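Shown next, in structure tokens, is the structure this report addresses.
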Amino acid sequence: MNGKTALVMGVANARSLAWAIAEQLLAAGARVGFSYQGERLKGELDKLLVDKPGTWSMQADATSEADLAALMDRVKQEFGELDYVVHAIAFAPRAAMEGRFVETTPDDWNTALNVSAYTFVAVARHAEPLLREGGSLITLTHHASQQVFPKYNVMGVAKAALEAATRYLASDLGAKGVRVNAVSAGPARTVAARSIPGFGTMFEEAGKASALRRNITNDEVGKLGLYLLSDLASGVTGQTVYVDAGAYIMAMKPQGTE
Ligand SMILES: NC(=O)c1ccc[n+]([C@@H]2O[C@H](COP(=O)([O-])OP(=O)(O)OC[C@H]3O[C@@H](n4cnc5c(N)ncnc54)[C@H](O)[C@@H]3O)[C@@H](O)[C@H]2O)c1
């Protein structure tokens, strides 16, 4: 990826899935810029970037049109043009994940779908003028978009919207030779995941119930991200690709994993 440029959005700390993908991009030789939600996250990111020469970072709330416009100005100034975008952003108010889905309030619905799905559309629109032919965008999703997981609630609906948005964006940006895909990851112990009530139990169960009889590693998410961004996936767009150790293909837990 020498000569390629990437914007990675959503690193909160070293356990973030966005960081796993960024590490792969940096190892492959891409130039990488980062955006973080708010100033309280700057310190963590600065620590990660201290031994990564050539990187830069900037605050940008993905729900703010003004922040996204300023971010793309910075991308233009640093890189001129852009090849890759990693969108690893999601949020739902805790109250919406504690109770029953049927009790989701309009405000919580709007917040979850705005932050977790619409921001991918907004980011793509702001990035479009800078994207080079052969460019590629990815987002991060979860199988709760397709099947019911306890407590995912409105986040499952947001992920379904995100995956549909991925297909529509792939059609629009495909006209410029730019690809758009979603990485559907099995559970990983991150800040966002820990906000899901009962996540620890779900993590254990997902490991046992997977074809590979284990959980995925962040590194494996990073490698799928790298593949989808790179020319190795030059004919792949609009897809939701799973890296879940073969969890969702199983109708029942494999025998011997009670
Ligand atoms: N961890 C898992 O088990 C898992 C599984 C599948 C998919 N995912 C998805 O991966 C993505 C990354 O999450 P993660 O698990 O690495 O957790 P994380 O907490 O490390 O990352 C989530 C990021 O979203 C950012 N964010 C939230 N609201 C924002 C806003 N308004 N503007 C800008 N940034 C905002 C946070 O600052 C944070 O950096 C999310 O879309 C998540 O749903 C996670």
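The values are calculated or read from the model by the stated rules, or taken from the named source; none is laboratory data. In this text, all values refer to a predicted model and were calculated from it rather than measured experimentally. All Cβ positions, glycine included, derive from the backbone under ideal geometry; neighbour counts span all protein chains shown.
Restricted to region 9-40, and to residues there that are touching a strand residue (DSSP E or B) at 6+ places or on another chain (Cβ under 8 Å) and over 27 Å from residue 132 (Cβ atoms), the residue that is nearest to the ligand (Cβ to nearest atom) is 12. Condition test on residue 50, is it surrounded by fewer than 18 Cβ atoms within 10 Å (Cβ to Cβ) and among the aliphatic types (A, V, I, L, M)? Yes, satisfied.
Within region 73-89, the set of residues being near the ligand (Cβ under 9 Å from one of its atoms) and either assigned to a strand (DSSP E or B) or more than 15 Å from the chain's Cα centre (by Cα) (or both) comprises just one member, 87.
Listed here are the residues, each with its yes/no results for (1) among the polar types (S, T, N, Q); (2) under 21 Å from residue 7 (Cα atoms); (3) assigned to a helix (DSSP H, G or I).
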position: 110; (1), (2), (3): yes, no, yes
position: 115; (1), (2), (3): no, yes, yes
position: 122; (1), (2), (3): no, yes, yes
position: 139; (1), (2), (3): yes, yes, no
position: 144; (1), (2), (3): no, no, yes
position: 151; (1), (2), (3): no, no, no
position: 160; (1), (2), (3): no, no, yes
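Would you say residue 92 is over 17 Å from residue 8 (Cβ atoms), surrounded by 15 or more Cβ atoms within 10 Å (Cβ to Cβ) and either within 14 Å of the ligand (Cβ to nearest atom) or hydroxyl-bearing (Ser, Thr, Tyr) (or both)? Taking the combined requirement at face value, the residue satisfies it. Each residue in region 128-167 was checked for being more than 11 Å from the ligand (Cβ to nearest atom) and either crowded, with 20+ Cβ neighbours inside 10 Å or not polar (S, T, N, Q) (or both), and 23 pass.
Residues in region 95-104 include at least one that is within 16 Å of the ligand (Cβ to nearest atom) and either among the basic types (Lys, Arg) or under 25 Å from residue 151 (Cα atoms) (or both). Taking the condition of being within 15 Å of the ligand (Cβ to nearest atom), of a type outside the set (A, V, I, L, M) and assigned to a helix (DSSP H, G or I), how many residues in region 168-193 meet it? Residues flagged as within 15 Å of the ligand (Cβ to nearest atom), of a type outside the set (A, V, I, L, M) and assigned to a helix (DSSP H, G or I) within region 168-193 amount to 0.
Please find, among 227, 248, the residue that is out of contact with any Cys (no Cβ under 9 Å at 6 or more places or on another chain), closer than 30 Å to residue 100 by Cα and of a type in the set (Phe, Trp, Tyr).
After ruling out the rest, the residue left standing is 248.
One residue alone among 6, 70, 66, 60 is under 18 Å from the mean Cα position of the chain (by Cα) and within 14 Å of the ligand (Cβ to nearest atom), and that residue is 60. In region 41-55, the qualifying residues are those that are touching a strand residue (DSSP E or B) at 6+ places or on another chain (Cβ under 8 Å) and more than 10 Å from the ligand (Cβ to nearest atom), and the one that is farthest from residue 186 (Cα to Cα) is 54.
Of the residues in region 168-182, none is within 21 Å of residue 96 (Cβ to Cβ), modelled with pLDDT of 95 or more and surrounded by 15 or more Cβ atoms within 10 Å (Cβ to Cβ). For region 214-258, a residue qualifies if it is modelled with pLDDT of 95 or more, among the charged types (D, E, K, R) and touching a helix residue (DSSP H, G or I) at 6+ places or on another chain (Cβ under 9 Å), and the qualifying residues are 214, 219, 220, 223, 244.
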